[in-house]
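Here is the structure we will look at.
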């Protein structure tokens with residue numbers, strides 16, 4: 001419907017309603033239809049918070065994939081307003097304070113609202129009562145709920161305006177109950193809340209059990225065995241054939257302080273191949289934890305050369321030796337492990353058990369901290385399960401590479417410690433002596449991929465002795 | 001809305017029904033109720049049209065995520081929803097007889113064998129791949145909608161819209177958009193269509209759409225380009241089939257294709273495409289078991305800076321006689337793998353063989369292969385290997401050319417103004433921009449295997 005004129009703002013809609021302004025809750029799900037009114041008038045939200053001291057405002061905004069898919073409905077004949085992806089993204093950036101939203105608790109719109117505060121006490125109070133979250137589930141319906149009143153609209157060939165929002169007059173209507181249930185679900189941190197993210201949170205592609213990609217969700221959504229995520233496992237060896245391990249940070253909730261494989265991580269949304277992920281993780285985790293992969297200074301750490309599949313049936317050691325001759329002293333070599341029987345690239349699909357620690361909370365909902373400002377964790381732990389598909393890569397470090405070179409990563413807190421171990425020491429320790437200090441993945445590797453560790457370590461000794 | 005009144009509206013319908021979203025009504029699609037109603041309708045009015053737009057796999061998956069809401073009344077797991085969807089479309093492969101259409105056929109008891117062809121024209125099933133925010137029923141000019149709040153809705157959720165309400169026109173526009181081939185219709189798919197992951201211009205994956213959706217420069221898809229060399233350093237080219245609607249009869253690179261939804265690394269695509277397009281055009285990759293075709297061994301980066309490999313020939317000594325060598329080339333600086341992002345021009349033919357040029361965006365990873373010795377070192381050997389592909393019409397013809405001959409040929413045809421009628425846009429691009437790669441790799445192959453002659 002082209003040429004429709006907007007006559008009121010979201011604020012008018014609420015204000016002019018029978019019940020008037022909300023006293024306890026204002027929930028907005030889907031901001032695209034009201035984005036301009038919202039962003040241009042932070043004082044409206046600030047005033048609402050000031051007038052009603054018990055009011056809590058929750059704004060749940062569209063994710064980027066939702067924006068992309070909304071933009072596909074644009075048609076120049078039928079749509080009244082051009083909703084290109086870039087435009088929707090600009091709106092979103094204004095709301096959260098830039099694409100990356102570096103300061104997730106006070107950027108963009110929240111900061112604009114907080115600027116309206118007269119003193120620090122107000123700021124703290126407003127910050128607590130104004131919540132901005134990204135919806136990563138399908139966004140089907142735009143909702144405004146002010147206390148008991150509900151309005152809704154949905155997206156057709158273009159964005160609805162505030163005039164298109166329909167009020168649900170009777171609480172007895174099924175749609176009223178459906179929306180209330182939906183909001184309860186979304187705002188419950190242990191049900192739908194796992195699919196919400198804060199600006200700047202890491203998002204990961206989700207795969208169904210048949211390995212089809214099904215959307216992008218935050219890390220906390222993946223503690224389920226109904227679906228999977230993709231990662232790489234990198235096993236790093238020095239030129240004496242010893243394997244590098246790292247001890248996970250003492251301040252992470254997931255597998256805190258356990259010894260783990262050399263390196264590894266999720267496939268980034270833009271990685272077109274897992275070899276790209278493996279190279280990136282090596283650079284980020286070991287050398288430049290805070291750096292962007294593409295900007296890394298290759299002069300300092302040498303190149304990472306992909307030598308393809310490590311398959312000694314097909315590429316015998318004595319010949320591979322010649323292939324590695326062209327490496328500079330500071331260069332790294334990486335191989336893709338292959339399955340001993342089939343020769344196919346090695347991919348592990350499994351349920352991984354994670355030991356979860358939980359932050360201790362003060363009564364006001366803030367995290368308890370020690371004298372250094374680090375979070376304090378509770379004693380009790382839980383075991384959670386998550387499904388991974390992991391491609392296995394084997395790295396050979398440059399001559400003279402030692403664990404001292406990982407100090408930077410340790411200082412940055414990405415890992416608390418590193419060490420090299422011979423494969424036989426490692427297997428003895430993981431399987432017999434101290435299994436409790438290793439991650440579930442590490443125990444799996446030492447049991448199921450022992451052949452690979454032993455063979456690759458022997459291969460390195462053969463090549464470099 | 002309840003089933004009795006819906007049945008009555010269907011019985012009274014004159015011309016056309018559209019269903020967008022089947023899950024709220026799934027039990028009536030399954031229990032024979034609709035099959036009988038639709039069969040009666042067709043018997044009484046042979047020109048009656050019914051369009052049914054069903055939920056995509058990703059939509060179903062995302063609806064299933066609401067299941068952990070604790071309120072499980074109308075919520076179902078992915079497997080349950082997928083089962084019902086497959087029951088409706090006739091299994092993963094969508095066989096007419098085992099689909100909902102089959103149920104209708106079984107209700108039409110006259111022996112007219114033409115029904116099976118006719119029914120697919122009268123009743124069309126499409127998968128809806130855009131974001132689905134509402135379920136709609138339109139019967140002639142009457143409209144009902146059911147918003148999707150959480151998971152699937154029920155028949156009682158449908159709300160009727162009066163034609164005087166502004167919403168009525170919105171919904172009419174929405175359906176016009178969805179059903180128009182030039183608009184939203186390009187995002188609809190048939191059950192057996194190839195589906196491709198869509199990437200925004202910043203390379204983020206944004207959903208799954210059919211091939212027809214990609215004739216736009218607003219977004220991209222991912223593919224690989226495979227360049228196959230024989231042991232003399234000659235490049236294999238193929239001429240595209242006379243039956244394809246896309247770049248018909250043009251000469252193209254050796255192999256290439258889309259990254260499949262389940263391929264996490266483009267090297268997997270590269271291997272699959274080599275097998276499917278060149279070796280076993282009729283085969284499914286996963287069923288590829290013929291030992292005489294050998295393995296494809298990934299040798300990693302091809303970087304002249306870092307892998308001088310003066311004795312590369314030796315590295316291949318332990319390969320079987322039938323094994324292939326695969327490399328991923330790196331850019332001239334030796335670090336990043338070659339990845340081409342560009343707008344490609346495609347010549348598309350319609351049903352009447354009228355050609356028009358369209359633009360589409362690709363991201364393409366390049367892979368280089370060396371064929372086994374004696375596999376295609378001569379024209380005759382090569383022709384023998386590709387005869388299956390040529391016979392089935394997967395490709396029209398093949399050629400082996402030295403890089404110099406190839407580039408001379410293209411340059412000659414450019415001067416004559418015929419290049420675009422003979423070569424794909426991609427092939428012309430490769431010869432322009434990656435001439436260095438073609439020449440260097442051909443020289444490398446010749447040098448590595450020169451002593452074999």
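Quick note: the coordinates plus some simple rules give every number you see, no bench work behind them. As the structure is a computational prediction, the values presented were derived from the model and not from experiment. So basically every Cβ, Gly included, is an ideal-geometry build from the backbone, and we count neighbours across all protein chains shown.
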* For residue B:92 paired with residue A:173, estimate the spin-label separation in nm (one decimal), with each label point 7 Å from Cα along the Cα-to-Cβ line. => 4.3 nm
* Quick one: compute the contact order of the stretch B:136-187, relative version, from alpha carbon pairs under 8 angstrom and 6+ residues apart, as a percent. => 22 percent
* Over all alpha-carbon pairs of chain A, lay out the pair-distance distribution in 10 Å bins, whole %, shortest bin first. => 4, 17, 25, 21, 16, 11, 6, 1, 0
* Kindly provide the pair-distance distribution of the stretch A:187-268 built from C-alpha pairs, with 10 Å bins from 0 and whole-percent values in order of increasing distance. => 15, 37, 33, 12, 3, 0
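Let me check against my output: what whole-number percent is the relative contact order of chain B, with C-alpha pairs under 8 Å and at least 6 apart?
Values: 766 pairs, mean separation 63.4, N = 453.
Relative contact order of chain B: 14 percent.
What is the average number of partner chain Cβ atoms found within 10 Å of a Cβ in A:80-87?
Values: counts 1, 0, 0, 0, 1, 6, 3, 0.
Averaged over the peptide's residues, the number is 1.
First obtain the Kirkwood hydrodynamic radius of the stretch A:34-154 from its Cα pairs, then insert it into the Stokes-Einstein equation at 25 °C and 0.890 mPa s, and state the resulting D in µm² per second as a whole number. Write down the numbers at each step before the final one.
Working: Rh = 15.7 Å.
D = 156 µm²/s.
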* **Degrees separating the helix A:85-96 axis from the principal Cα axis of chain A, which is the longest one** => 90 degrees
* Asked: Looking at the P(r) of chain B, how many percent of alpha-carbon pairs lie beyond 38 Å?
  -> 38 percent
* **Using alpha-carbon coordinates, inclination of helix A:450-464 to the longest axis of chain A, degrees** => 60 degrees
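Using helices alone, what [θ] at 222 nm do you get for chain A, with -39,500 (n - 2.57) per DSSP H run of 4 or more residues, divided over all residues and rounded to the nearest 500? Please list the in-between numbers first.
Numbers: 15 runs with 127 residues, N = 465.
Rounded to the nearest 500, it is -7500 deg cm²/dmol.
I need to check one value: relative contact order of chain A, counting alpha carbon pairs closer than 8 Å and at least 6 residues apart, in percent. Present the calculation step by step, with values, prior to reporting the outcome.
Working: 803 pairs, mean separation 66.5, N = 465.
Once normalised by length, the contact order is 14 percent.
Note down the Stokes-Einstein diffusion coefficient of the protein assembly as shown in µm²/s, whole number, using a Kirkwood radius over alpha carbon pairs, 37 °C, and 0.692 mPa s. Don't skip to the answer; put the middle values down first.
Details: Rh = 30.7 Å.
Translational D for this selection: 107 µm²/s.
Could you work out [θ]222 nm for chain B from helices alone, using -39500 (n - 2.57) per DSSP H run of at least four and dividing by all its residues? Round to the nearest 500 deg cm²/dmol.
Working: 15 runs with 143 residues, N = 453.
About -9000 deg cm²/dmol.
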* With axes computed from alpha carbons, what is the tilt in degrees of helix A:120-129 against the longest principal axis of chain A, rounded to the nearest 10 within 0 to 90? -> 80 degrees
* Sorted by average packing, counted as other Cβ atoms within 10 angstrom per residue and highest first, what order do B:347-354, B:216-223, A:317-324 take? -> B:216-223, A:317-324, B:347-354
* First measure r as the distance between the Cβ atoms of residue A:422 and residue B:356, then evaluate 1/(1 + (r/R0)^6) with R0 = 56 Å and state the FRET efficiency to the nearest 0.05. => 0.30
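If you take the beta carbon distance between residue A:50 and residue A:361 as r and set R0 to 22 Å, what does 1/(1 + (r/R0)^6) give as a FRET efficiency, to the nearest 0.05?
Details: r = 28 Å, r/R0 = 1.26.
FRET efficiency, residue A:50 to residue A:361: 0.20.
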* Asked: Once the Cα atoms of the stretch B:301-365 are picked out, what are the Rg and Dmax in Å?
  -> 19.4, 55
* To do: Take peptides B:181-192, A:150-161 and line them up by average Cβ neighbours within 10 Å, highest first, as a rough protection proxy.
  => A:150-161, B:181-192
